[in-house]
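Working notes, beginning with the structure itself.
Laboratory data are not the source of any read-out in this text; all were calculated from the coordinates shown. These figures come from a predicted structure and were not determined experimentally. Glycine also receives a Cβ, built like all others from the backbone with ideal geometry; neighbour counts cover every protein chain displayed.
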Amino acid sequence: MSEQPLRKKIIQRPVDDVVKSQLLDAGVPPLLAKLFAARGVRAASELEVTLKHIIPPIQLTNNNAMAALLADAIADNKKILIVGDYDADGATATAVAMKGLLSMGAQVDFLVPNRFEYGYGLTPEIVALAATMQPNVIVTVDNGIASVDGVSAANALGIEVLITDHHLPGGVTPAAACIVNPNQHGCQFPSKHLAGVGVMFYVLLALRAELRTRGVFVENQEPNLTELLDLVALGTVADLVKLDTNNRILVEQGLRRIRAGAACAGINALLTVAGKVPAKATAQDFGFQVGPRLNAAGRLDDMRLGIQCLLATNDNEAMAIAKQLHELNAERRSIEAGMQNEAVANLEDLAVGEQYSISLYEASWHQGVVGILASRIKERYHRPVIAFAEVDDGLLKGSGRSIPGLHLRDALDLVTKQQPDLIVTFGGHAMAAGLSIQQADFTRFQQAFEAVVRTLLPEAALQAVVETDGGFDVNEMTLEVAQLLESQVWGQGFSAPIFHDQFAVVSQRIVGERHLKVLLEKQGKRFNAIYFGRTEDLPAQVEAAYQVQVNTYNNVQSVQLQLLYAD
């Protein structure tokens, strides 16, 4: 599992020197000016991180109308039911909705579909389950824009549906009482990258403004919605939405609350069980530590457990649940490792280098983990990957991950147009998608998907690329610089810096059974490095792509290079 099956091409990200000079003139440190200019920042104003610089809530289509409907529901003491999703974005959005609505006097509860029993979204089956809780209003978070049948079922029962979502709409819009979604047809909101939790936060901002105009806060204290920004930051990073200027402000403000000791008990507990110190939390911790533990509930058990952790009102309760989530994540990792070993073994006899896609299926695979498996195999072979697990009644549920150059949902749509009886259901976006097929059709799907990918994906896209920010002056590889880099908000669409250089390998040894601990040297200076997931020895001289990080051991901090690729 440790060798690099495909060689990667290291290329340097271009830098806009004019923008870089402008950022330098504005007082941005030289290294950050270079990095920001290479990531599409056009002016120093885009680096402002105070909340007054976020896009005004009024610009989000239907946001004021949604606020009025929610204000009416609160005034009439109607029962509101939040219907969420089973991933980290859905969990944080549900928690934000619960906390925000409760703070404004709403009578509110939540329901999250079990992914194994009900699947995704506001389906008619979920509406039937929701009806047993006798709500007057259903508010969806992180789902609903495709729930045409579910909304119709709710309407038939006299339940009003308010949709908050961020996914792309289909050809038919649900007949909901109101829809807030930056990606719905006709919405001119400048940021199309709000996560589901970000959309719900914007709805709450509008609701508070509406209640303010109604005089609700004359006698009652106005809620401080900035208290929810730790959850907004977590969901935004974990959902891998693009960190545009607006999202970076939301994430930065959330991180500042966490570092200042003002996070909710659940996030503090999740950071702690992951071995992280809340006062030093980074955006990367959300993506690689907290998010996976929260997602483990939805993958292996029930996301209600994750939401209960985020809603915990004291440290003891939060820590008890966080430990359960930590154990679930360890179980998920074990399951994933076994599935990955099986997948790689199956691929050893195939000429993967000649294929444009990879479709995999094993009867024993866990349907909650096939998405992660697809991601790992994609990273390993740099091919679009779809991994399937058996559900029941001869049905396979698949999860796919793509590479730059192939819009995965469009590829599945083309398969359906060519063979209408092949795919039972599908949905998703450019880089990730889900689908179901009959088990008997797996080989036919494998062949059809490969044929479609060959028509859509240029051969050059099959070359794995590592995009870097160039070389790093060894004299600048200090702890202070590493801390500066880690303190910034990096993520999807605003990627963490990767550098590349030539090094001499002084020594290397395996640690933790599957990682390589390396001592590197350049220009007479030596640096400790770690190469996760590799056990094969490196050559005496390497060209390495790496990140500069802060390593903490026995409460002592030092610079460490994390090798991402070496050849």
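Within the same chain, lysines fewer than 8 places from Lys525 are excluded, and of the rest, those with a Cα less than 20 Å from its Cα are Lys517. With a Förster radius of 25 Å applied to the beta-carbon distance between Lys522 and Arg7, the computed FRET efficiency rounds to 0.65. Treating r as the C-beta distance of Ala540 and Asn224 and R0 as 56 Å, the FRET efficiency rounds to 0.45. Here's how it looks for Ser359: its modeled amide H is under 5 Å from those of Ile386, which are all 5 or more places away or on a different chain. Classify the chain as rounded, prolate or oblate from the Cα gyration tensor: take a ≥ b ≥ c as the square roots of its eigenvalues, call it rounded if a/c is under 1.5, otherwise prolate when a/b beats b/c and oblate if not. It comes out oblate by the Cα gyration axes. Taking 0.36 nm per residue of separation and subtracting the current Cα-Cα distance, fully stretching the chain between Thr213 and Thr132 would add 25.7 nm. For Lys242, a cut-off of 16 angstrom between C-alpha atoms picks up these lysines, skipping any fewer than 8 places away in its own chain: Lys192.
Proximity of backbone amide H atoms, modeled 1.01 Å from N, is registered between Asp501 and Ala544 at under 5 Å, excluding neighbours fewer than 5 places apart on the same chain. Packing order of peptides 399-408, 47-56, highest average first: 399-408, 47-56 (average count of other Cβ atoms within 10 Å over each peptide's residues). Report, for the chain, the % of DSSP beta bridges that are antiparallel, rounded to 5. Given both bridge residues lie in the chain, the antiparallel proportion sits at roughly 65 percent.
Using the average count of surrounding beta-carbon atoms within 10 Å as a protection proxy, the listed peptides 233-239, 214-220, 134-140 rank, highest first, as 233-239, 134-140, 214-220.
Cβ crowding within 10 Å, taken as a proxy for footprinting-reagent exposure, orders Ser359, Ser487, Ser103 from fewest neighbours to most as Ser487, Ser103, Ser359. In the chain, the DSSP-assigned H stretches of four residues or longer account for a calculated mean residue ellipticity at 222 nm of -12000 deg cm²/dmol, using -39500 (n - 2.57) per stretch and the full residue count as denominator. Residues whose amide H falls under 5 Å from that of Asp16, counting only those 5 or more places apart or on a different chain, are Ala38, with hydrogens built in the peptide plane. Partners of Lys8 within straight-line reach, counting lysines whose Cα lies under 20 Å from its Cα and excluding those fewer than 8 residues away in the same chain: Lys378.
Label separation (Ala175 vs Asp72): 1.8 nm, computed from points 7 Å beyond Cα along the C-beta direction.
Taking θ as phi - 60° and the Karplus parameters 6.51, -1.76 and 1.60, the scalar couplings of segment 106-120 work out to 7, 9, 9, 9, 9, 9, 10, x, 6, 4, 7, 9, 10, x, 9 Hz in sequence order, x denoting glycine and proline.
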